[in-house]
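Worksheet for the structure shown next.
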Amino acid sequence: MKKRWEGLSFPPFVGDGPVASLRSRAECRWQPPGEGWVKLNFDGASRGNLRHAGIRCSVHNWECKEIATLASPVGIKTNNWAELMALVEGLQLCRKIRVKNLDIEGDLTIIVNALRKSSMPNWRLNDLLSKAIDLCKVFDRFTVNHIYKKGNKRKERR
């Protein structure tokens, strides 16, 4: 049985509620960044809580060309840890290739909101999140956007 909590709303930056969320998810598509910008998409996954996990991050320029990618198993970890590690690895990759203007997209709302606010939720992964926030500061400009899982990868053109 689900318990209804008074005043509980959907996480900020995601949508206005169930109808908007369903429509947003259905229409979600990867879009290239603006001219002069680079987009980092990151994702992590685990086959359960504390199971085999992996990370993926990809970097594309405004012409939709993939300029860097990374995918790797990371051992026995949680899904949230894998998502956060994918972001950290992606940010380090972007720093290494000297990106100046970075558009970051991910599908885990807690990470997106923490980066947008540069604040820490009460979370046991705060050390890793703090590292991600510090890495964002090396770029001249950056934006952070939530994207639904369906749109968190670039579709190949045929």
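Worth pointing out:
- Test for Lys3: is it farther than 21 Å from Asn145 by Cα, crowded, with 19+ Cβ neighbours inside 10 Å, among the charged types (D, E, K, R) and modelled with pLDDT under 95: no
- Candidates Arg124, Arg56, filtered to the one that is part of a loop (DSSP other than H, G, I, E, B) and either free of Cβ contacts under 8 Å to residues at least 24 places away in the same chain or touching a Leu at 6+ places or on another chain (Cβ under 9 Å) (or both): Arg124
- Qualifying positions in segment 65-104 - under 20 Å from Pro121 (Cα atoms), modelled with pLDDT of 95 or more and not in a helix (DSSP H, G or I): Ile104
- Which numbered condition Gly106 fails, given (1) surrounded by fewer than 18 Cβ atoms within 10 Å (Cβ to Cβ); (2) in contact with a helix residue (DSSP H, G or I) (Cβ under 7 Å, 6 or more places away or on another chain): (1)
- Test: residue in segment 70-90 that is of a type outside the set (D, E, K, R), buried (at least 16 other Cβ atoms within 10 Å of the Cβ), without any contact (Cβ under 8 Å) to a residue 40 or more places away in the chain and under 26 Å from Gly34 (Cβ atoms): no
The values are calculated or read from the model by the stated rules, or taken from the named source; none is laboratory data. As the structure is a prediction and not an experimental result, all values here were calculated from the model. Neighbour counts are summed over all protein chains in view; Cβ atoms, including those assigned to glycine, are modelled from backbone coordinates with ideal geometry.
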